[in-house]
Each structure stands twice: as C-alpha cells, then as structure tokens.
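Quick note: the coordinates plus some simple rules give every number you see, no bench work behind them. Predicted model only: the values in this text are computed from it and were never measured. With ideal geometry, Cβ positions are generated from the backbone for all residues, glycine too; neighbour counts draw on all protein chains shown.
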Ligand code: B12
Ligand code: SF4
C-alpha cells in the first residue's frame, strides 16, 4: 500500500428501552483513532450517537435530542419494534442516535476506507452493531470490517456468528498493532506507543464535532476482583498516566475546544494515584483552568481520606458516585471486600466537610444480584439517605466470564448464555419469585424518593 491508509471508525447505535448520554463517548475507539493517526494513517469517525445532527433532529420520524447541564442530554430516538426476546415487556423500545439516512450520507461523504473499525459497548446493545455493520457492508462493499470493544470481548462467539463483521478482534492494544500492521501493509512509526497504556496518546477527540464534554482515562485496571464485574477480564493489566500527561490533556481540550466538563472513565481512579492524578489535580488547583470534573463510574470509598476529599472539592469535582453496593457486612466481603458501611459513613461526612453537598454525592447500590433480597436493598437505600448522600440503584446486568455468571445462569429462567439481550439491566433476567420485577420497580421508586426528599448529613 503506497499512500497512507484511511481508516473509518464507527460508533454504532444503541437500541434499548432507555438511554441517556451520561458523558458516554466511545473512548476505546477514540484511543485507537489517536494511535492510528500518530502511526501515519488517515482517520475519520462516524458517530451514530451524535446528538447534534441537524437532519436527524429535524426529521418527522425522530424525537429530537435535548441538552442538559454539564454536557449531558437525551439522544435523538426513533421508535422500533421490541425484539422477540423482550416480547411482553410493557415498555417502548427505541433506536437512539442519528437517522439511518444521515448515517448513509456521512459514510458516503468520506473517501472509500481501507479498513472499517466498529466498536461495541454493552453486550445487550449488539443489535445496533449488527445494523451498522449491515449498512456499512452495503455502502462500502469489499472493504474489510473489524469489530472490537466490550461486546466483542465478552461475547466473542456470539459476535462472530451474528455481527456480520469480517473479523471479531478481541485483542489488547499491543497485539492489535501487529495485526493492523499486517492488514494495512505498513510499519507503524509510533509502534512503542502501542505497547503500554502510559505511552499511548489521549483519545482523538478532534474527531468529535461537537465536544460538549471530554472523557478522560487516567489509568486502566483495578486491584479488586468483585464477582459481578468484568474489569479484570477487560483490563487485566494495570497502567497509570503521568501527572504531566493528565494536565496536558485537560489544558489542551479546554484551550482548543473550550471544554469545561470532563468525565473520568477509570475503574480505580483514586487508587495508586499518588504520582498521577493527585499531583495533576494539585496543579489544576494552583494554576490550571477552571473546569468541572464528573465521576459517573464509582469511586473507591476507602480512598476518600480528608486530603483527597479536599482536593476533589478544590479542583472542581462536581458529580461524584461512590461504590457502596450493599450495607450487609457478609455481602461486602463476598462482593470484593472493598468497602464497609462505617467506612462509607465516614467518607460521606468528610466529603461534606470538604464542601460537597448531598446533591453532589451519588451512591451506587447493587440491586437484584443472585442471592440478594429486596429487604437488603431497601435497608441500604435508607442508610444512604440518612448519610446525606443520594442512592442510585445499579440493577444487575449478568456479565459473561465473571465469577457471578454461574450463579446468574442458575437463577435466571432466561437463556442468558445464548442471548445477550437478556443481559440488559432493565429486562432484569435474574428476576425470581423472591425478587420480582415489581420488587425492583418499588425499590427504584424508593431510591427516587430518597433522592428527591434527600436530607443533609445529620450532625
Ligand atoms: C465507563 C463505563 C461506563 C460509563 C459510560 C460508558 C460508555 N462509554 O457508554 C457509564 C458510567 C455511563 C456506564 C454505565 C453503565 N455500565 Co458501564 N462501564 C464503563 C467501564 C468502566 C469502561 C468502559 C470504557 O470506556 N473503557 C475504556 C476503553 C479504553 O475500553 P474499550 O471501550 O473496551 O476499548 C478498548 C478495546 O476494547 C479496544 N476496542 C474498542 N473498540 C474497538 C474496535 C475495534 C475494531 C477493535 C479492533 C478494538 C476496539 O480498544 C480499546 C483500547 O484498549 C466498563 C468496565 C471496563 N473496565 O471496561 C463498564 C461496563 C462496560 N459497564 C457495565 C455496566 C453493567 C453498566 C451499567 C448497566 C451499570 C448499571 N447497572 O447501571 C450502566 C448502563 C449504561 C447505560 N444503559 O447507559 C458492564 C458491561 C455490562 C454488559 N453486559 O455489557 C461493564 C463491563 C462493567 C462491569 N459490570 O463489568 N458505564
Ligand atoms: S472495585 Fe469496581 S472496578 Fe474494581 S473489580 Fe470491583 S466493581 Fe470492578
């Protein structure tokens, strides 16, 4: 291949009962985009989840997107039929993102690529992946299409059978570089940057047209191995960015694109952060830009020392989520041993002392896991409400390959192994006589009431 290869990156649609842009960008795909750009390739992105597409938002068949504070918002959506697997669910189902006609125009407006890389996220969002690949196949016949990302890694066999991609590529970045070099027929000039997370550039956010917020990842991997979580499968190797790299990324997107809201995607943001995030935030406090940080993924409660709480507040953290999961001590041990209720109560108190208010502090509670009872969840909601924080339920999504998967298989009356749609947390495939969908709905109401009638921390 004599001229520089041109690679098309595609972030497919979401098809679901509900979807909200909670600072969700295709971070993995954009990291690949940056590596390929620096390797000497031409790169473009077609993002099916673009909320600002004028054709889509003006189309009579589309319920248009709505923007909210901090860059959040609703995606545009089109009603579509319920898949058979969800027959009988009393919920509407939508395709979220741009109109298919807009997708076609965007793809055809770009030069014919040498390779198309499609990403994937939640396993139960695979129908959007299948649809995007089918359209790409029609629009760009003969161009190889590779599928990667979380669905491809967790449900490789299903993806190989159903996605329509030429190759399902569940490789980590270093091995991926070798495969890409062979496919494209070039040697990457930035090859060392593919070999470690620390050396890799930040995501290619210049490919995103309307950058309302920027995703950040300062580290990969997590030292814990909670039985319901796929972190150890997806990110088996640990790595942390330097303070210089973190500050440079924040300053760059603030100066270049006026970004004020930054959202962290790390699994373990505050752990082992003494040489990366901590000095970076100290510098932001001292002489960095005035920005806001959001943590939609849970923080480790045990890391919240008085010093960290002050630093988070002073550097502009606005949305916090803490991982409490449950208030039952035996479950806390079984579910990873990372938090205890007393430790959580002390952390919330420290956050308040540092200046955070109840509305800033959301707390994730797991809901509907095998073996769990509705009473336990209700108890945890009450504890969080009384602590001066806001409970958010994370309804259980069974994830293939995790230790809890076996229990989920035993409990669920649905074919969760054969049909990833059943991993959808809204569908609640692990419902059972002593934890029904009605129980789940009642607990969600309880958590909502606790959030809206939330009280400040009791003295
Ligand atoms: C950040 C995050 C979120 C964010 C935003 C996610 C987003 N972008 O949409 C928020 C907080 C909103 C979120 C929410 C939820 N999440 Co979440 N989330 C994550 C997390 C921590 C990181 C994902 C990520 O961006 N990784 C970073 C990038 C760098 O990795 P990557 O995308 O995999 O890409 C790499 C490779 O895959 C590859 N690659 C990517 N694309 C391509 C394409 C090609 C062609 C190739 C070759 C390679 C390739 O290159 C990249 C570089 O290494 C993962 C856990 C994890 N460690 O992955 C859970 C995870 C994806 N979430 C999960 C869950 C359960 C949820 C929730 C349902 C939680 C709940 N119960 O409420 C919600 C539901 C979301 C919804 N309905 O909107 C599960 C997945 C469940 C499933 N069945 O798929 C995970 C795996 C965590 C877990 N429990 O194990 N999440
Ligand atoms: S601490 Fe969080 S990221 Fe780490 S394994 Fe447990 S749930 Fe996953």
- Message: Helix-only mean residue ellipticity at 222 nm, the chain, DSSP H runs n ≥ 4 weighted -39,500 (n - 2.57), per residue, nearest 500. What is it?
- Response: -10500 deg cm²/dmol
- Query: Within region 124-141, whose backbone N sits under 13 Å from a point 7 Å along Cα→Cβ of residue 104?
  - Reply: 135-140
- Normalised by the number of residues in the chain, what is the relative contact order in percent for Cα pairs under 8 Å and 6+ residues apart? 12 percent
- Message: For Cα pairs less than 8 Å apart in space and 6+ apart in sequence, what is the mean separation divided by the residue count of region 6-194, i.e. the relative contact order in percent?
- Response: 24 percent
- Additional length obtainable on full extension of the chain from residue 248 to residue 445, 0.36 nm per residue less Cα span: 66.7 nm
- Note on the structure: Plugging the Cβ-Cβ distance of residue 179 and residue 112 into 1/(1 + (r/R0)^6) at R0 = 25 Å yields, to the nearest 0.05, a FRET efficiency of 0.70
- Is the shape of the chain rounded, prolate or oblate, going by the alpha carbon gyration tensor and its root eigenvalues a ≥ b ≥ c, with a/c under 1.5 for rounded and a/b larger than b/c for prolate? oblate
- Efficiency by 1/(1 + (r/R0)^6): what FRET value for residue 434 and residue 162, r their Cβ-Cβ distance, R0 = 51 Å, to the nearest 0.05? 0.90
- If each part is reduced to its alpha-carbon centroid, region 206-263 and region 340-397 end up apart, in Å, by 25 Å
- Note on the structure: The relative contact order of region 213-452, taking Cα pairs under 8 Å that sit 6 or more residues apart, comes to a percentage of 17 percent
- What nm distance separates the two modelled labels at residue 305 and residue 275, each placed 7 Å from Cα along Cα→Cβ? 1.7 nm
- Calculate the spin-label point distance for residue 346 paired with residue 134, positioning each point 7 Å from the Cα along the beta-carbon direction, and give it in nanometres. 5.6 nm
- Note on the structure: Here the gain from full extension of residue 373 to residue 334, 0.36 nm per residue of separation minus their alpha-carbon distance, amounts to 12.5 nm
